[in-house]
Structures are given as structure tokens and as C-alpha cells.
Amino acid sequence: MPDPAHAGRRPKGDVGLLVVASVAITAGALCYFLKGPEVFLATLGDDLDLLLSILPKVLAGVLLSGLLTVLLPQDKVARWMGARSGLRGLVLAGLAGALLPGGPMMAFPLTVALGVAGADIGTATAFIAGWSLLNLNRTLVWEMSFFPHDFVYLRYGLSLLVPVLLGLSARAIFARTKAEAPRKDSASEGNAE
Amino acid sequence: MNIVIASLLLYGAVFVLGRIAWQRHDGSVRRSLDLALIQARLVAPRIFFAVLGAGFIAALVPPELVAAIIGGDTGFLGLLIASALGAVTPGGPMLAFAVGSAALEVGGGTPQIIAFVTAWGLYNLNRTTVWEMPIIGRRATLQRIAVALPVPLLLGLAAGEIARLAASFG
């Protein structure tokens, strides 16, 4: 298939899996030879137990993210949110980051769409922070499967205000550069690429 | 118990959203299932290897070493190291969480692991270079990271203070 965008993306994903798989296999082999077959088998048993207990949540997680993706069309969310500004815009951006499911292939294009719809660097920052620290899908499916729940509550609770605070900071620090941007941008656009 | 509650919440949400999708009668359910299947295919092999790998690594690494580097008594330096480790940990949530929880189990401190997870979430290099920079641009990425930089340390410090307060009350 000569589609370059597709050809470029595929291997990246596979490389990620390859790295994880080779780390797992190397660690397994080391465990077997350094610690002996007994430790190896005991560890393998624990791991398989953990996998079994995670399974139902993963199933719910992928169903949930499929449903949310279909029910909350991202272009609509972006248009609706991008037009909001002020503190309310930051809160909504953080909230959207927490609610919308999906990986980086969802979050970053949506950030661009927010910008197109009129959002500033503060809103973009709040959205990405909400997505990376408070994403419900990730926390319920992955974080709660691996970590003790009091750890998750503590981390999540501490992170609650972070998107809004980061959005405010980004706005305060970079608002000035943004105001100068028209001149700079028109000058650098010609040089870019 | 808690696991049951989390699962109930998840399946409750699946049920409610599934009903909404069903009532639309426009193929929403079908499209949701297709997307879920694509994601499941992507995620299943990764989570399998991530869980196995993290388990073996936890069995290999001496707990004293983990405690000495990112244990609860390592203070600010431990938070710094944990944040840096979070920034360089590649891969998706399954790998980062598997590694973090294994470290927590074998002697990592709660504040340090919170710093690790937070740094991984806010600016892991792998995601930033592969996805964020090409999509949202270098300038916006750097501005975002600049303000996010101290957050893992601050959350780690706050977690340490909370633990101290809880200990002095309990």
C-alpha cells in the first residue's frame, strides 16, 4: 500500500509493541536463569492472575471508549469548547480532557481543533492536562487495575485542580508572546519549511 | 470490594451510554462496537506483555535498590529521580502503570510514585516527540511543558505532607 501516512504510522505502533514484548521476554528469561524456575513460575502465575482480574475492566473500557467516541463527536465538542473563554473555558477544557476517551491520536488532533475554534494556549494546556492526569477511562480501566485504590484516590484528588492552574499559568506567561504573534508569525511563516 | 465498585461503575456507564446509542437507531451501536474491537485488538497484546514484563522486572530488581532510589525516605531527590523516570518511560498507560505499581510494591514511596505517574502523564518524551510535537507544533508543546514541569514534584511534595499529617493524626 503506497499510502505514506498509513505506512508511516503502522510501524510506529508495532515498534511500541515490539519493545514491550522484548522487554517482557528478556525480563522473563533473566528471571528464569537468575532466580530459578520456581520464582519464574510463581511470578508468571501472579501475572496471569492480574491479567484475569483486569480483563473485565478492559472489556468495559474499550466498549465505553467506543460509545463515547460515537456519542460525543469531537468536532462538535471542539467547536463548542473553543469558543468558551475565561476561567469557565479552562474548567470545561479540563473536564473535556477527563471525559473524552482515547489515546494521543485523539487528544492532540482535538487540541488543534480547539485552537481552530478559537481556544488559546491556556485552554489547550488545560485540556491536555485534564486528559493526561484526570482521564476517567484511563483511571478506571488501567490505573485502578494496577494500583491500590487509596493511591489512585490520592493521586487523582491532588491532580483535580492542576488543569485549571496550568491553564492559568500558561495564559499568564505566554499571553504576551501571543499578543505579539501576528508580526512574528507572518515573518516566520515564510521561513518555516 | 473496591474493585467490584469500579467494575459496577464501568458497566453501569456502558449500559447507560449503550441505551442512548441504541435509541438513536442510526447504527451508533454498530459503530461503537467496531471501534471497541479495533481498540481491543490494539490493546490486548500490549497489556499482556506489559503485565508479564513488569512482574518479571519486579521479581528481578532488589527491593532495597528501589527503596534506596525512589523509596519514601528519599525526599526531594527521590521525587526528582522518579519524575525523570516518568518522563523517559515509553509506551502507553499499561506499561507505565504496570512499572509504577510494581515499584510501589517493592519499596517505592507513594509520593515518589505519584511524581512518576504525573510526569509520565504530563510529559513523557515518547508521546511528546511522536505525537504532540508533530500535531500541535513545537512552540505550543514547549509552552505547555514549561508550565507543567514542576507539577510532578509539587504533587509528590503534597502527597508527602498529607501522609505526614495523616500519620500525626492517626
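Scanning segment B:32-46 for residues that are facing another protein chain (nearest Cβ under 7 Å) and among the small types (Gly, Ala, Ser) yields B:Ser32, B:Ala36, B:Ala40.
Within segment B:147-162, the only residue that satisfies the criterion of being surrounded by 15 or more Cβ atoms within 10 Å (Cβ to Cβ), over 17 Å from A:Val152 (Cβ atoms) and modelled with pLDDT under 95 is B:Gly160. Tell me which residues, restricted to segment B:59-75, are within 11 Å of B:Gly108 (Cα to Cα) and either of a type outside the set (S, T, N, Q) or in a helix (DSSP H, G or I) (or both). Those that are within 11 Å of B:Gly108 (Cα to Cα) and either of a type outside the set (S, T, N, Q) or in a helix (DSSP H, G or I) (or both): B:Pro63, B:Glu64, B:Leu65, B:Val66, B:Ala67, B:Ala68, B:Ile69, B:Ile70, B:Gly71, B:Gly72, B:Asp73. Exactly one residue out of B:Gly12, B:Gly78, B:Gly107, B:Gly91 is part of a loop (DSSP other than H, G, I, E, B), more than 9 Å from every other protein chain (Cβ to nearest Cβ) and without any contact (Cβ under 8 Å) to a residue 60 or more places away in the chain: that is B:Gly107. Output the qualifying pairs, or none if there are none: Cβ atoms under 9 angstrom, residues six or more apart or on different chains, first residue in segment A:82-97 and loosely packed, with under 14 Cβ neighbours inside 10 Å, second residue in a loop (DSSP other than H, G, I, E, B). Note: pairs meeting the criteria are A:Ala83/A:Ala117; A:Ala83/A:Gly118; A:Ala83/A:Ala119.
Pick out the one residue from A:Val70, A:Val39, A:Val62 that is assigned to a helix (DSSP H, G or I) and at pLDDT 90 or above.
Result of the check over A:Val70, A:Val39, A:Val62: A:Val39.
Here B:Phe49 does not qualify as aromatic (Phe, Trp, Tyr), under 13 Å from the mean Cα position of the chain (by Cα) and facing chain A (nearest Cβ under 7 Å). Of note, A:Leu68 does not satisfy the criterion of being within 28 Å of B:Ser32 (Cβ to Cβ), away from every other protein chain (no Cβ under 11 Å) and within 20 Å of the chain's Cα centre (by Cα).
Yes or no, residue by residue, for (1) over 18 Å from the mean Cα position of the chain (by Cα); (2) at pLDDT below 90:
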| position | (1), (2) |
| --- | --- |
| B:Ile57 | no, yes |
| B:Pro62 | yes, yes |
| B:Ala68 | yes, no |
| B:Gly71 | yes, no |
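Could you look through segment B:17-31, keep only residues that are exposed (fewer than 11 other Cβ atoms within 10 Å of the Cβ) and outside any helix (DSSP H, G or I), and pick out the one that is nearest to the other protein chains (Cβ to nearest Cβ)? The qualifying residue nearest to the other protein chains (Cβ to nearest Cβ) is B:Asp26.
Per-residue answers, yes or no, for (1) in contact with a Pro (Cβ under 8 Å, 6 or more places away or on another chain); (2) at pLDDT below 85; (3) among the aromatic types (Phe, Trp, Tyr); (4) surrounded by 17 or more Cβ atoms within 10 Å (Cβ to Cβ):
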| position | (1), (2), (3), (4) |
| --- | --- |
| B:Leu9 | no, yes, no, no |
| B:Gly12 | no, no, no, no |
| B:Phe15 | no, no, yes, no |
| B:Asp34 | no, no, no, no |
| B:Leu37 | no, no, no, no |
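Only one of these is charged (D, E, K, R), more than 7 Å from chain B (Cβ to nearest Cβ) and within 19 Å of the chain's Cα centre (by Cα): A:Asp75, A:Asp49. Name it. Every option except A:Asp75 fails the conditions. Just one of the listed residues (A:Gly118, A:Gly89, A:Gly130, A:Gly102) is outside any helix (DSSP H, G or I), under 27 Å from B:Leu155 (Cβ atoms) and of a type outside the set (A, V, I, L, M), namely A:Gly102.
The values are calculated or read from the model by the stated rules, or taken from the named source; none is laboratory data. Worth saying up front: this structure is predicted, and the values here are computed from it rather than measured. Cβ coordinates were reconstructed from backbone atoms using ideal geometry, including for glycine residues, and neighbour counts include every protein chain displayed.
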